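Bear in mind these aren't lab numbers, they're just calculated from the coordinates by the rules spelled out. Bear in mind the structure is a predicted one, so any value in this text is a computation, not a measurement. Here the Cβ positions follow ideal geometry from the backbone for every residue, glycine too, while neighbour counts run over all protein chains shown.
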Amino acid sequence: MMKKNSEVLVIGAGLSGLMAAAKAVAQGRKVMLVANGMGALGLSSGCIDLWGYQVDQPDKVCTNPLEEIAKLVQRQPSHPYGRLLEILPESLDFFLQLCQQNKIPYVKKESNWQLPTALGTLRPTYLVPESMAVPDLDEIKGILVVGFQALKDFYPEVLITNLQKNAQLAPNCQLSSVLVNLNRQELNANTLAHLLEKPTTIEQVLSQIKPHLTSEMVVLFPPVLGEQRSVDKIFCEQLGCPVFEVTNIPPALPGQRLQRALLKHLKNQGVEVIMGCQVTAAQVADKSCQGVVAEGSGKKLEISAQTIVLATGSFLGGGLVSSMGEIREGIFNLPLYTSSDKWSRRDFLSLAGQPFNEFGVVVNEHLQPLDEQGEIVLENVLITGANLAGCNYPIEKCGNGVALASGYKAGKLAGEV
């Protein structure tokens, strides 16, 4: 069995794992990241939701998520944000700098953005890729929605019809659409994004859009403007008007772009990244993890580290494993918090959320796992992201916010050891 040693071992390649590795290596630590899969970040919109709705009125969108989170922590200190509130602003600044440094700029406002989605609804979110930073809709005088023949899951007329119902548009705002024909029988988002990096395809698209443009228009595309890099600025310059991508159902290219950029950054900083490698066992003694065993491509690795960051996610990421009447954490068999005898509610869309989303590991202020008596289980293992208990992220719209802040804090703590 091959043996490896690192100062910090991060298990998982979702947003929290990537942030933990980025912060730890920024503090001069030797870092290794291992992951079985690519994590959920590449399936996400790429936006960073901090908090979506008012604590007092959960059916209403909140404008200032930082104020709502402060209110939440006062009332519900067991929420993951209760362990993250003090480092939330600096974690956001670190993320913005990281993205700017890696040429995938994100922007923020003092309040939540209200981004149009492919279904014509409005999505509250806090940090957005520059290519998706649509201005306030009530300030736009005309909108042209661009679709593509043979592209599934994006229908401009649906977006327009629902946007007129859901958004506060400027008086006399003109909405229109165009379906671009690239002479393809079938297109998916990744194929189209790859094509749109080619100058010949861009020219083909531009020639079909220009006849539909009027003055002071904003052009909305599905999130397909480039696979490896965003080409929104090319369209913006050639069309002479603002161009943006809207959010769409996963998988979405902006999330994949962010994931690729962060992984590339880690490798450039000297982080050893091993993908397709599953941690199958842990060696534990005296409340400390001495090392883990990982398997991949027919090989076994024994990895030891001073600090281990657990960022394997919840059920979707494989961090939590369920069987009939049982839920367990998959590597260390850590004690889990379950909020109810029932794992789910009959009303799937209940504003109270589904109990299983809150299942996870309870931690102290240093992100160390605790047992039911509040005692530390493993002193050198830190818990992040969807592994944390008490977060109902689909309802609260805070999944990437918790992942970003907890990953940053874990990396910072690991750098101080």
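For the chain, modelled as a GNM whose springs connect Cα atoms under 10 angstrom apart, the maximal fluctuation among Gly399, Gly407, Gly325 occurs at Gly325.
Rounded to the nearest 10 degrees, the inclination of helix 199-209 to the longest alpha-carbon principal axis of the chain is 50 degrees. Each residue of the range 381-386 was assigned a 3J(HN,Hα) from its phi angle through the Karplus expression (A = 6.51, B = -1.76, C = 1.60, θ = phi - 60°), giving 10, 10, 10, 9, x, 6 Hz with x at Gly and Pro. Taking the helices alone, the chain has a mean residue ellipticity at 222 nm of -8000 deg cm²/dmol, built from -39,500 (n - 2.57) per DSSP H run of at least 4 residues and averaged over all its residues.
Under 5 Å between amide hydrogens, built in the peptide plane, is the criterion, and for Asn380 it picks out Cys289 among residues at least 5 positions away or on other chains. A straight line joining the Cα centroids of the range 351-404 and the range 222-260 runs 32 Å.
Among Gly298, Gly276, Gly390, the residue with the largest mean-square fluctuation in a Gaussian network model of the chain, with springs joining Cα atoms closer than 10 Å, is Gly298. Within a Cβ distance under 13 Å of Asn333, other residues only, what is the Lys/Arg minus Asp/Glu net charge? With Lys, Arg at +1 and Asp, Glu at -1, the net is -2. Cross-link pairs exceeding 23 Å between alpha carbons, from the set Lys152/Lys397; Lys60/Lys108; Lys108/Lys233; Lys109/Lys198: Lys152/Lys397; Lys109/Lys198.
Amide H contacts under 5 Å for Lys300: Met2, restricted to partners 5 or more places along the chain or on a different chain, H placed in the peptide plane at 1.01 Å from N. Over every Cα atom in the range 14-158, the radius of gyration and the widest Cα-Cα span, Dmax, amount to 17.8, 52 Å. Neighbours of Gln306, meaning other residues whose beta-carbon lies under 10 angstrom from its beta-carbon, give a summed charge of +1 when Lys and Arg score +1 and Asp and Glu score -1. Annotation for the range 251-345: trypsin sites (Lys or Arg not before Pro) lying in DSSP loop with at most 14 further Cβ atoms inside 10 Å of their Cβ are Lys287, Lys342, Arg345.
The tail of the calculated P(r) for the range 321-417, taken as Cα-Cα distances beyond 23 Å, holds 28 percent of the pairs.
Taking the DSSP beta bridges in the chain as the whole, what percent of them are antiparallel, to the nearest 5? Here the antiparallel bridges make up roughly 45 percent for the chain. The trypsin sites (Lys or Arg not before Pro) of the range 1-69 that DSSP puts in a loop, and whose beta carbon has at most 12 other beta carbons within 10 Å, are Lys60. Dimensions of the range 1-84 based on its C-alpha atoms, expressed as ranges along the principal axes with the largest first, amount to 55, 27, 22 Å. Evaluating 6.51 cos²θ - 1.76 cosθ + 1.60 at θ = phi - 60° for every residue in the range 130-139, the Karplus couplings come out as 4, 6, 10, 7, 5, x, 4, 5, 6, 9 Hz, glycine and proline recorded as x. Taken one residue at a time, the phi angles of the range 320-332 give Karplus couplings (6.51, -1.76, 1.60, θ = phi - 60°) of 10, 10, 10, 9, 4, x, 9, 10, 9, 7, x, 10, 9 Hz. Gly and Pro are set to x. In this calculation the C-beta distance from Ile376 to Gln283 is compared with R0 = 25 Å, giving a FRET efficiency of 0.90. Radius of gyration (Cα atoms) of the range 227-368, expressed as a multiple of 2.2 N^0.38 Å: 1.43.
All other residues whose Cβ lies under 15 angstrom from that of Cys173 are scored, Lys and Arg at +1 and Asp and Glu at -1, for a net of -2. Loop-located trypsin sites (Lys or Arg not before Pro) across the range 122-230 with a Cβ neighbour count of 12 or fewer within 10 Å are Lys152, with loop assigned by DSSP. Take every pair of alpha-carbon atoms less than 8 Å apart whose residues are at least six positions apart; their mean separation over the length of the range 344-415 yields a relative contact order of 29 percent. Shape summary: the range 119-192 maps onto an equivalent ellipsoid whose semi-axes, from the alpha-carbon gyration tensor, are 24, 16, 11 Å in decreasing order. The long axis of helix 156-166 is offset from the longest Cα principal axis of the chain by roughly 80 degrees. Helix 88-101 and the long axis of the chain differ in direction by around 60°, with both axes built from C-alpha atoms. The alpha-carbon of Lys264 sits under 17 angstrom from the alpha-carbons of these lysines, leaving out residues fewer than 8 places away in its chain: Lys23, Lys30, Lys103. Computed from the alpha carbon positions, the gyration tensor of the chain leads to an equivalent ellipsoid with semi-axes of 39, 25, 19 Å, biggest first.
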